[in-house]
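The values are calculated or read from the model by the stated rules, or taken from the named source; none is laboratory data. All values reported here derive from a predicted model rather than from experimental measurement. Positions of Cβ are backbone-derived with ideal geometry, glycine not excepted, and every protein chain shown enters the neighbour counts. Side chains included, ligands, DNA and RNA excluded: accessible areas come from the protein's heavy atoms. Shrake-Rupley method; radii C 1.70, N 1.55, O 1.52, S 1.80 Å.
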Amino acid sequence: MNMELRGASSFLDGAGKANFSHGGDSPIETVASLIEGLAGAEKIPDAADILVDAVRRFGIDHVSYVAMNIPTQITALPLHAVTYSPEWLKRYVQRNYIDIDPVVRAGLGGFLPVDWSGIDRSDKLVSRFFGEAQECRVGRQGLSFPIRGRCNEFGLFSITSDLGDGDWADLRRTLMPEMLLLAHHFHHYALKTAGVVFPDYAGRLSQREKDCLRWRATGKSDWDIARIMNISERTVKFHLENARGKLDALNTTQAVAKALASGAIALY
């Protein structure tokens, strides 16, 4: 499998449909395994395999990642990795769809996850875009996670599926926290691959801050963490906010992803 995280001409071959099995693992255990594999990926093709593995293990049709305004990039072309078919990638590039892609526009306009079903398709160009995407088996359903960093870069991590509305709603609800974590983690890895140098985050954090981040990474709420660590919920928020600042993160999810990617914390 040959893929590079460089410009718009690079892509992964389509991975095909996956089953809905997590191999007996919970979603967070599956994400932990994927993150562990990503941490050990020294070359881009290894990272490509992580995306394909995510498709297979989570029962989704495709995963895609695109980033723009990378500080170390000489070219203005987006940095990206996808599991879409070569046919869709070729059409997307040739027709310059990056300029009209409603999913990218929606991501650029906000911070919250974007469910493709909520995008207005009354415009003929937008309707044709989604129609062609379906023809190329991109998936009728989609969920995208906007990512913004301190370097003013923008990333968009998306998952797609051909499920019906009801099944998609269930899958989306199940995977939302884990996909959000994986999105930020993959973004951190992509920046590192692109040559962005990160500080020694592990040395910045106190043990309490590391503990709070680790429990948050496993899906625990501030209330849960407070009970586990025998401290107040206000103290948990204090530690997480301190950690966010020390990690140069815009939010707690990004702080968790950076702490995991740098080895400052481990899920298990």
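Which of the residues spanning the range 133-150 are under 26 Å from Ala190 (Cβ atoms), modelled with pLDDT of 90 or more and open to solvent by 30 Å² or more (accessible area, probe 1.4 Å)?
Of everything in the range 133-150, just one residue is under 26 Å from Ala190 (Cβ atoms), modelled with pLDDT of 90 or more and open to solvent by 30 Å² or more (accessible area, probe 1.4 Å), namely Arg137.
Search the range 205-214 for residues being in contact with a helix residue (DSSP H, G or I) (Cβ under 9 Å, 6 or more places away or on another chain) and part of a helix (DSSP H, G or I), and hand back the single one that is most open to solvent (accessible area, probe 1.4 Å).
Arg208
Looking at (1) among the β-branched types (Val, Ile, Thr); (2) under 26 Å from Val82 (Cβ atoms); (3) out of contact with any Pro (no Cβ under 9 Å at 6 or more places or on another chain), find the lone condition where Thr235 falls short.
The one condition Thr235 does not meet is (2).
Criterion first (of a type in the set (Ser, Thr, Tyr) and in a helix (DSSP H, G or I)) does Tyr84 satisfy it?
Answer is no for this residue.
Let's see how each residue does on (1) outside any loop (DSSP other than H, G, I, E, B); (2) in contact (Cβ under 8 Å) with a residue 12 or more places away in the chain; (3) in contact with an Asp or Glu (Cβ under 7 Å, 6 or more places away or on another chain):
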position	(1), (2), (3)
Leu182	yes, yes, no
Ala190	yes, yes, no
Ala202	yes, yes, no
Arg216	yes, yes, no
Arg227	yes, no, no
Asn242	yes, yes, yes
Asp248	no, yes, no
Lys258	yes, yes, no
Ala261	yes, yes, no
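Within the range 187-204, is even one residue touching a helix residue (DSSP H, G or I) at 6+ places or on another chain (Cβ under 6 Å), among the hydroxyl-bearing types (Ser, Thr, Tyr) and either surrounded by fewer than 17 Cβ atoms within 10 Å (Cβ to Cβ) or within 26 Å of Val55 (Cβ to Cβ) (or both)?
Looking for residues that are touching a helix residue (DSSP H, G or I) at 6+ places or on another chain (Cβ under 6 Å), among the hydroxyl-bearing types (Ser, Thr, Tyr) and either surrounded by fewer than 17 Cβ atoms within 10 Å (Cβ to Cβ) or within 26 Å of Val55 (Cβ to Cβ) (or both), one finds at least one in the range 187-204, hence yes.
Would you pick out the residues in the range 97-132 that are in a loop (DSSP other than H, G, I, E, B), open to solvent by 70 Å² or more (accessible area, probe 1.4 Å) and at pLDDT 90 or above?
Once the filter is applied, which keeps residues that are in a loop (DSSP other than H, G, I, E, B), open to solvent by 70 Å² or more (accessible area, probe 1.4 Å) and at pLDDT 90 or above, the range 97-132 yields Asp120, Arg121, Ser122, Asp123.
Could we say that Leu181 is of a type in the set (A, V, I, L, M, F, W, C), more than 20 Å from Gly110 (Cβ to Cβ), crowded, with 22+ Cβ neighbours inside 10 Å and out of contact with any Pro (no Cβ under 8 Å at 6 or more places or on another chain) here?
Against the criterion (of a type in the set (A, V, I, L, M, F, W, C), more than 20 Å from Gly110 (Cβ to Cβ), crowded, with 22+ Cβ neighbours inside 10 Å and out of contact with any Pro (no Cβ under 8 Å at 6 or more places or on another chain)), Leu181 does not qualify.
Checking Leu156 against (1) at pLDDT below 85; (2) surrounded by 22 or more Cβ atoms within 10 Å (Cβ to Cβ): exactly one of these is not met. Which one?
(1)
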